[in-house]
Amino acid sequence: MAVLWLDEISAGDLEKVGGKGASLGELTGAGLPVPPGFVVTAGTYRSFIEDAEIDEELFEAVDVDVDDSSALADAADRAQELILETPFPDDLREEIVASYREVGNGEAFVAVRSSATAEDLPDASFAGQQETFLNVTEEDLLDRVRECWASLFTQRAIYYRQEQGFDHSAVNIAVVVQQMVDAEKSGVMFTSHPSTGDPTMIIEAAWGLGEAVVSGAVSPDNYVIDREDRSMNVTIAEKKVKHEKDEATGQTVEREVPEDKRTQRVVSDAEIDDLMDLGERVEDHYGEPQDVEWAIVDGEVYMLQSRPITTIDEGSSDAADAEGVDPTKGVTDGSGSVQAADAGSADTANASGSGSSSGEVIVDGLGSSPGTVSGPAKIVTKLDDLAKVGEGDIIVTEMTMPDMVPAMKRASGIITDEGGMTSHAAIVSRELGVPAIVGTTNATTVLEDGQVVTLDGDKGSVLEGAAVEPDEETEPVEEVRPQSPVKPMTATEVKVNVSIPEAAERAAATGADGVGLLRTEHMILSLNQTPEKFIDENGTDAYTKELVDGIRGVADEFYPRPVRVRTLDAPTDEFRQLEGGEDEPAEHNPMLGYRGIRRSLDRTDVFAHELEAFRRLYEMGYDNVEIMLPLVNDAEDVYRAKECMKEAGIDPEKRKWGAMIETPAAALSVEELAEAGIDFASFGTNDLTQYTLAVDRNNEHVADRFDELHPAVLRLIGDVIETCREHGVDTSICGQAGSKPEMVQFLANEGITSISANIDAVRDVQHEVKRVEQKLLLDSVR
Ligand code: PEP
Ligand code: MG
């Protein structure tokens with residue numbers, strides 16, 4: 001038998017039908033209302049390649065050096081071609097088509113989904129199971145099945161298996177073919193409270209297909225029901241759009257909801273009862289709370305998917321707190337003497353028995369990365385000095401640069417003369433989790449090389465002597481961070497900023513909904529040559545490859561969560577320090593100069609190689625990568641960049657891309673930017689504040705005037721959010737201000753789509769967003 005029907009399958013059939021197939025079979029077997037369908041088994045895929053005798057060639061083709069991007073691309077092409085061009089044997093074709101005809105009398109639209117069997121892969125999504133085709137009919141069915149099989153051999157999947165040491169020939173793939181439900185209404189249901197586990201069911205519902213709810217395209221109605229007495233709290237949302245099947249093309253389209261149904265309650269009391277009965281059965285069946293996707297058509301309730309709720313707090317963070325370590329706030333590189341940021345420094349010093357002296361404040365500045373640490377100061381005035389920075393030392397320098405990152409990782413703290421809260425030193429040290437103070441104006445002259453000091457990254461002060469001694473019992477924060485962080489459920493997405501690819505793992509462990517800003521500057525600046533110089537000496541392919549490798553590391557870590565990658569935006573003063581920097585224009589004010597999209601549109605030849613990196617990533621299957629354009633001023637910038645994307649072989653209609661809102665001009669032109677086709681607008685408040693208030697963000701002399709919460713800045717932001725909402729464009733923030741509670745409150749109230757925060761702030765932002773959303777909900781029903 002090439003296929004197994006869902007009602008013949010149980011959870012034990014994982015090897016034959018893959019994770020998705022087994023779960024649907026298990027639910028069907030339990031008598032739950034799952035739409036009918038069958039699975040083309042993994043064994044069928046295996047016989048297909050073996051009977052056609054393409055198996056050996058296939059596995060040989062993908063045995064390549066995956067760090068060689070062109071070899072990897074050729075391997076994926078060859079492997080996919082082998083599968084896609086091998087005809088189906090007659091008996092197999094007949095069996096699959098005959099099975100299809102039994103589903104919905106041969107007239108059904110079906111969903112065709114790959115279901116990989118390599119469940120021991122840490123992230124089975126890499127095995128190719130992401131491929132999904134909706135609204136498939138008999139005509140395309142066999143091609144789609146073959147495409148699912150071929151999805152085992154995307155560049156991404158090959159790369160990942162090789163990196164993880166998995167044998168390509170040991171991974172199999174099954175394909176689920178299931179009747180599509182033309183939902184009139186649909187949504188999700190948590191069978192118990194998703195953060196407390198209390199016996200409270202939460203149902204979210206909107207008109208049409210569930211995708212609209214899952215993707216966040218629509219704000220759904222919310223029903224909170226006590227499972228004991230079934231008392232209910234209902235919040236009706238305004239549901240402006242719905243997703244449904246277009247009768248003519250069979251494609252899923254977004255349509256407006258008619259006026260009279262927008263504020264109409266979606267599910268009736270009787271339907272709520274049906275859903276609750278269903279929820280209780282599923283939870284009983286699995287013995288743990290479930291997150292269920294459901295749909296209703298002609299009064300019938302269907303279950304489309306069920307998985308365990310992974311967000312219930314089992315006290316892991318409380319346990320960490322009880323030990324005096326807040327998992328979101330502790331900072332250490334494991335080498336210096338470090339304590340949790342929110343524990344009093346003197347207490348801890350005493351508690352650890354160090355009995356050290358805590359002297360007076362000798363230098364102060366802006367506390368830019370939290371934590372308190374003691375160690376010898378190492379004055380770094382030139383790059384050669386970096387060699388003397390050892391584990392546990394405190395770097396003292398005018399300003400950090402990309403070359404310093406390896407030493408910054410070794411150091412236990414960083415102090416700079418220059419810079420504001422959004423400077424390189426501030427951003428990178430926060431990302432590395434190293435306490436830092438910036439903008440002291442005089443640390444390199446006041447402090448002496450080797451002098452033992454204590455740096456308080458919260459208060460921004462440097463004290464004489466060691467207030468904290470090395471304490472063996474202090475655990476590195478990575479070890480105390482809960483493995484599956486407790487993540488509050490929020491409608492506003494909370495993402496994370498990444499500026500150095502090395503921080504990707506730490507960033508992903510926060511449980512953020514994706515990366516709201518991946519800066520590419522480090523990938524280039526750390527080459528120590530300007531892009532033009534690097535290309536001159538190493539060729540365009542090497543340049544593209546650096547970007548592919550840097551971005552891929554982060555995109556892998558987060559897949560399938562989205563990663564918003566910004567095209568290059570380094571001011572000329574940063575390029576000037578690199579080899580080739582002598583050719584950079586001399587600028588009076590680099591912040592107002594040749595940077596961001598201006599440089600890209602001026603050097604479209606260099607920009608093309610950058611965009612080529614995106615094209616290759618898409619080709620490899622990194623469909624979670626989004627493109628973000630820095631420092632645009634108006635629609636003209638966007639149209640020109642869009643042309644460059646097309647010339648580089650990137651289809652702007654197919655990929656998600658957008659612009660940063662970093663100048664007042666961009667904020668005031670956002671309607672035109674929306675018309676130019678951006679999918680999202682992201683506030684770069686570091687620059688937006690600088691340009692709105694005419695306050696140089698790197699100038700410590702005016703640092704007290706740098707105020708992202710200035711009414712003028714907030715007004716620009718609020719107006720952009722409103723305009724974007726009217727035009728269906730997502731909004732987000734990726735400047736440092738997204739980590740500040742006051743800004744988070746303002747943005748969540750304004751209805752921003754996502755907030756991207758620093759790694760160490762993600763958890764607090766999630767909680768802050770949740771608080772605001774709950775208040776909004778309560779206000780709306782009071
Ligand atoms: C910003 O300007 O807020 C931003 C996120 O970009 P950068 O800090 O890299 O200029
Ligand atoms: Mg910026």
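The values are calculated or read from the model by the stated rules, or taken from the named source; none is laboratory data. Being a predicted model, the structure only gives us computed values, none of them experimental. Here Cβ is always computed from backbone atoms with ideal geometry, including for glycine, and neighbour counts include all displayed protein chains. Quick note on the areas: whole protein, heavy atoms, side chains included, nothing else; ligands and nucleic acids left out. Shrake-Rupley method; radii C 1.70, N 1.55, O 1.52, S 1.80 Å.
Summary of computed values
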quantity: Apportionment of accessible area to carbon and sulfur, the stretch 563-648, percent (1.4 Å); calculated: 44 percent
quantity: Rel. contact order, % - alpha carbon contacts under 8 angstrom, at least six apart, the stretch 185-308; calculated: 26 percent
quantity: Counting DSSP beta bridges with both ends in the chain, the antiparallel % (nearest 5); calculated: 65 percent
quantity: Accessible area of the chain divided out per residue, in Å², using a probe of 1.4 angstrom; calculated: 40 Å²
quantity: Reciprocal of mean inverse Cα separation for the chain (Kirkwood radius, Å); calculated: 28.2 Å
quantity: Size of charge dipole - the stretch 185-308 - debye, nearest 20, with Cβ of Lys, Arg +1 and Asp, Glu -1, no other charges; calculated: 420 debye
quantity: Kirkwood-based Rg to Rh ratio, the stretch 642-782, C-alpha trace; calculated: 1.01
quantity: Pairs of alpha carbons in the stretch 185-308 whose separation is greater than 18 Å (percent); calculated: 51 percent
quantity: Mean Cβ neighbour count within 10 Å, used as a protection proxy, ranking 602-608, 758-764 highest first; calculated: 758-764, 602-608
quantity: Relative contact order [Cα under 8 Å, 6+ residues apart], the chain, whole percent; calculated: 9 percent
quantity: Dimensions (Å) - the stretch 170-213, Cα atoms, principal axes, largest first; calculated: 41, 33, 14
quantity: Computed magnitude of the charge dipole of the chain (debye, nearest 20; Cβ of K, R +1, Cβ of D, E -1); calculated: 1620 debye
quantity: Mean separation of Cα contacts under 8 Å, 6 or more apart, over the residue count of the stretch 713-782: relative contact order %; calculated: 30 percent
